[in-house]
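Asker: Take a look at the following structure, please.
Since every read-out is calculated from the coordinates, none of them should be taken as a lab result. Computed from a predicted structure; not experimentally measured. Don't worry about glycine lacking a Cβ; one is built from the backbone with ideal geometry, like all the others, and counts go over all protein chains shown.
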Amino acid sequence: MHPQMFYSCHGAAKQVTGSCHLVRCGDYQVLIDCGMFQGSRAEERANSEPFGFDPRSVDALILTHAHLDHCGRIPRLVREGFQGPILATSATRDLARIVLLDAARLQEEDAARAERGSRRRNEPVAPPLCTLDDAFDALERFATAVGYGEPVNVVPGIEATFLDAGHILGSASVLLVLKNGQQQRTILFSGDLGSPGRPILRDPTPAPEADFVVMESTYGDRDHRSLPDSVSELYEAVDSTLKHGGNVVIPTFALERAQEVLYYLHQGLQQQRFAPRTPVFLDSPMAISATDVFRRHPECFDDEFAAALREGDPFTMPNLRFSRETSESMAINRIEGGAVIMAGSGMCNGGRIRHHLRHNLWRDRSSIVFVGYAAEGTLARRIVNGARRVAIFGEDIAVNAKIWTINGFSAHAGRNELLAWLGTHPRRKVFLVHGEYERGMRSLQDALAAKGIPTHLPGLYEPILLD
Ligand code: ZN
């Protein structure tokens, strides 16, 4: 019989971003995620490269979660002819709306800026990768939301079950059952996996039996610091800075990290870990919108958070202010001390955080508290690495503020958590994706080999027979 079940990787092959996976079963093709490549300009150029399949021939798309490196190429996929449904949880659908529209707006702005430059140099003008119209067209492809644990028919011969991934609100691992004639195979996509024991979300569902597993390996080489230690360090940073009369500036990712930090601050205030009337600003329209989405999706919460919710809104505090407008954001710049300011972007490469850094980095009473990942080449990384001066808006700013780097808040499972998630079921093969080749991926591969689990690191577009 002609073999009819294939898997191929079209992004996040031996790298961290651009997640995109194709499964073929009989006459049907299903895509799992269609994410954007993020990082250096060279890496981002991959976003305009061919997909490695014909978008018109894909029958359905399953989206594991709303991070841009998993959903960012969907508008392009739709523009190039994809006409099938997009299956996702209801929370992922709501967050993807925020993420895709925000990304489209930024790309239109970037393209307009580049166009002015190109015209001045008499060079051809490159269109934006994705326009707002493309993003709206993509959003129309989202079908009825899928609940956790309910098997759904995706196309004839492919059934999907979404499982908790504990990574961000609405995130899922997806188990596919493939049937073609007498042949049946199962393949599990981990999506991005969170750490067990984090607040708000339920823990990831351990990997069930499956012939094949496509697994993320971001932190395949290391474990994180314990969460309770990190939360205590956050309270210490806030309390000591406020006592010295400075501001606490927290560069924050808009999805999940912003809501987690709000929740920790809420709890810290209740436990009197810092001054009760401290003004707290969430200065990020995207994080504010995402917080509204959280409130609408109690079906994703763990028991502890659901209980906290019954006693009041765990995302609020007496002196919490949400600043959507630019004028509100600028008003915060006049506060010389005594406030907690959360703003994006988390890596400080853009967004309102740069204004707050400009006003606080030079103040020795203020603190900058990093609670997230800082990629190589970003302003956040330079500050974390101990730069004494940095350039912001072309201005040379001295770094006198105290810099805190708190490492235990990662949204990704650490090495031992990944191994525990995979468990001991026999597997025909485990495919490792979504990791740095020389670090997480190779190291996790060694760990799995030691347990006798066969692995493979798929190359980009490499067709793999699921036999
Ligand atoms: Zn993610």
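Asker: Expected output is a single nm value to one decimal: the length gained when fully extending between GLU49 and GLU299, i.e. 0.36 nm times separation in residues minus the C-alpha distance. What is it? Walk me through the intermediate numbers first.
Answerer: On the way: separation 250, 0.36 × 250 = 90.00 nm, distance 3.80 nm.
Separation in residues times 0.36 nm, less the Cα-Cα distance, equals 86.2 nm.
Asker: Let me ask something else about it. Full-extension gain between ARG116 and ALA375, please, as 0.36 nm times their residue separation minus the C-alpha to C-alpha distance. The partial results should precede the final answer.
Answerer: Working: separation 259, 0.36 × 259 = 93.24 nm, distance 2.92 nm.
So the chain would gain 90.3 nm between ARG116 and ALA375.
Asker: Within 10 Å, count the other beta carbons around each residue, average over each peptide in 301-314, 351-364, and list them highest first. Each step should come with its number before you reach the end.
Answerer: On the way: 301-314: 14.1, 351-364: 20.4.
Ranked by mean Cβ neighbours within 10 Å, highest first: 351-364, 301-314.
Asker: So how do TYR461, TYR219, TYR373 line up by other beta-carbon neighbours within 10 Å, fewest first? Walk me through the numbers on the way to the answer.
Answerer: Numbers: TYR461 15, TYR219 25, TYR373 19.
Going from least to most buried by this count: TYR461, TYR373, TYR219.
Asker: Any chance you could check the Cα centroid distance between segment 300-324 and segment 31-105 for me, in angstrom?
Answerer: 31
Asker: Assigning unit charges at the beta carbon (Lys, Arg +1; Asp, Glu -1) and nothing else, what dipole magnitude in debye, to the nearest 20, does the chain show about its Cα centre?
Answerer: 1200
Asker: Which peptide among 417-425, 69-77 comes first, and what is the full order, when sorted by highest mean count of other Cβ atoms within 10 Å? Kindly include the intermediate steps, with their values, before the conclusion.
Answerer: Values: 417-425: 18.1, 69-77: 26.7.
Per-residue Cβ counts within 10 Å, averaged per peptide and sorted highest first, yield 69-77, 417-425.
Asker: Here is a follow-up. Could you tell me the relative contact order of segment 227-409? Use alpha-carbon pairs under 8 Å, at least six residues apart, and round to a whole percent.
Answerer: Details: 323 pairs, mean separation 58.0, N = 183.
Relative CO of segment 227-409 lands at 32 percent.
Asker: For every helix of n ≥ 4 consecutive DSSP H residues, a contribution of -39,500 (n - 2.57) applies; sum these over the chain, divide by its total residues, and give [θ] at 222 nm rounded to the nearest 500 deg cm²/dmol. Could you put the intermediate results ahead of the total?
Answerer: On the way: 14 runs with 143 residues, N = 467.
Here the helix-only value at 222 nm equals -9000 deg cm²/dmol.
Asker: Still on this structure, I have one more. Which of THR424, ASN47, ILE158 sits closest to the plus end of the dipole of the chain, meaning its Cα is farthest towards the positive end, when Lys and Arg get +1 and Asp and Glu get -1 on the C-beta?
Answerer: So the residue furthest toward the plus end is ASN47.
Asker: Something else now. What percent antiparallel are the DSSP beta bridges of the chain, to the nearest 5? Intermediate results must be reported in sequence, preceding the final value.
Answerer: Values: 35 of 70 bridges.
About 50 percent, rounded to the nearest 5.
Asker: Can you compute the label reach from GLN83? Point 7 Å from Cα along the Cβ direction, backbone N cut-off under 18 Å, restricted to segment 131-151.
Answerer: 137-143
Asker: Nearest 5 percent is fine: what portion of the DSSP beta bridges confined to segment 227-409 is antiparallel?
Answerer: Of the beta bridges lying entirely in segment 227-409, close to 20 percent run antiparallel.
Asker: Out of segment 124-230, which trypsin sites (Lys or Arg not before Pro) are coil in DSSP terms and have no more than 14 other C-beta atoms within 10 Å? List each step's numbers first, then the result.
Answerer: Working: sites: ARG141, LYS179, ARG185, ARG202, ARG222, ARG225; in loops: ARG141, ARG202, ARG222, ARG225.
Hits after loop and neighbour filter: ARG222, ARG225.
Asker: Excluding LEU178 itself, what net charge comes from residues whose Cβ is under 15 Å from its Cβ, given Lys and Arg +1 and Asp and Glu -1?
Answerer: -1
Asker: Pick out the long, greasy-scoring helices in the chain: whole DSSP H runs spanning 15 Å or more along their own axis by Cα, mean Kyte-Doolittle at least -0.5. Spell out each step's value before the answer.
Answerer: On the way: long enough: 90-121 (46 Å, -0.83); 227-243 (24 Å, -0.14); 257-270 (20 Å, -0.52); 285-295 (16 Å, 0.54).
Qualifying helices, which must be both long enough and hydrophobic enough, are 227-243, 285-295.
Asker: So which GluC sites (Glu not before Pro) in segment 1-94 are both in a DSSP loop and have at most 15 other Cβ atoms within 10 Å of their Cβ?
Answerer: On the way: sites: GLU43, GLU44, GLU80; in loops: GLU80.
Counting only loop positions with at most 15 other Cβ atoms within 10 Å, the GluC sites (Glu not before Pro) in segment 1-94 are GLU80.
Asker: Round to a whole angstrom and tell me the spacing of the C-alpha centers of segment 189-230 and segment 408-467.
Answerer: Taking the Cα centre of segment 408-467 as reference, the centre of segment 189-230 is 12 Å away.
Asker: Have a look at SER230, SER173, GLY414 and report the one farthest towards the positive end of the charge dipole of the chain, computed about the Cα centre with Cβ charges (Lys/Arg +1, Asp/Glu -1).
Answerer: SER230
Asker: Next up: Could you grab the relative contact order for the chain? Cα pairs under 8 Å, six or more apart, rounded to a whole percent.
Answerer: Working: 1027 pairs, mean separation 87.3, N = 467.
Across the chain, relative contact order equals 19 percent.
Asker: Could you tell me the center-to-center distance, by alpha carbons, between segment 236-291 and segment 328-372 in angstrom?
Answerer: Centre-to-centre (Cα) distance: 12 Å.
Asker: Express the relative contact order of segment 129-267 as a whole percentage, based on alpha carbon pairs under 8 Å and six or more residues apart in sequence. Intermediate results must be reported in sequence, preceding the final value.
Answerer: On the way: 170 pairs, mean separation 20.3, N = 139.
Relative contact order for segment 129-267 comes out at 15 percent.
Asker: While we're looking at this one, here's another question. I'd like the Karplus ³J(HN,Hα) series for segment 177-185: coefficients 6.51, -1.76, 1.60, θ = phi - 60°, whole numbers in Hz, and an x wherever there's a Gly or Pro.
Answerer: 9, 9, 10, 9, x, 7, 7, 9, 9
Asker: Pop a pseudo-label 7 angstrom from the Cα along the beta-carbon direction at both GLN270 and ILE392 and give the gap in nm to one decimal.
Answerer: Taking the two extended label points, one gets 3.3 nm.
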